[in-house]
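Worksheet for the structure shown next.
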Amino acid sequence: MAKKFNLGSGDAVHIGQAINNLLSSYHIKAKFDSANIVGSWERLVGKPIAKRTKKVFLKDKVLFVQIESPAMKHDISLHKGHILEIFQKEFGNEVVKEIVLM
């Protein structure tokens, strides 16, 4: 069952929405999303890809990924659309709009 948060005005809000409102009001939602995505990279793409990843960061809703192996970079580029779908399913369509391989 979803938890609710009472704002004092009698309105109940889901805890997730309350946290999003708090992050937005302090203008740190983008940093929170970025840290969340970078922290989830290995879990979502798997250890073999994560081991060959030098750098992952999010800037302006674009996920930049630096891969150390040219062969792995090529393989990932073939599946970039699928990886984007995984991240959008996990974090929402508005958090990651594109993936750039470096």
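All of the numbers you see were taken from the coordinates with simple rules; none came from a lab. These numbers come from a predicted model, not from an experiment. Glycine gets a Cβ as well: all are built from the backbone with ideal geometry, and neighbour counts include every protein chain shown.
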Query raised in the report: In a GNM of the chain with a 10 Å cut-off on Cα contacts, which of F32, F57, F87 has the highest mean-square fluctuation?
Result: F32
Query - Cβ-placed point charges (K, R +1; D, E -1), dipole of segment 29-101 about Cα centre in debye, nearest 20 - result: 220 debye
Query raised in the report: What GluC sites (Glu not before Pro) in segment 10-96 are in a loop by DSSP, with at most 15 other Cβ atoms within 10 Å of the Cβ?
Result: E68, E94
Report task. Read through the labelled values [x] 6.5; [y] 9.5; [z] 7.7 and report the label of the one computed as mean projected area of the Cα convex hull in nm² from the structure. Result -> [z]
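Report, in deg cm²/dmol and to the nearest 500, the calculated mean residue ellipticity at 222 nm for the chain, where each DSSP H run with n ≥ 4 adds -39500 (n - 2.57) and the sum is divided by the residue count.
-16000 deg cm²/dmol
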Report summary line: Longest principal axis of the chain (C-alpha) makes with the long axis of helix 80-91 (C-alpha) an angle, in degrees to the nearest 10, of 20 degrees
Requested in this report: Would you calculate the separation in nanometres between label points at A18 and Q88, each defined as 7 Å from the Cα along the Cα-to-beta-carbon direction?
Outcome: 3.2 nm
**Report entry** Between 0 and 90°, nearest 10: helix 15-25 axis offset from the chain longest Cα axis
**Finding:** 80 degrees
Report task. Mind checking which of V56, G81, A71 is farthest towards the positive end of the chain's charge dipole, using Cβ charges of +1 (Lys, Arg) and -1 (Asp, Glu) about the Cα centre? Result -> A71
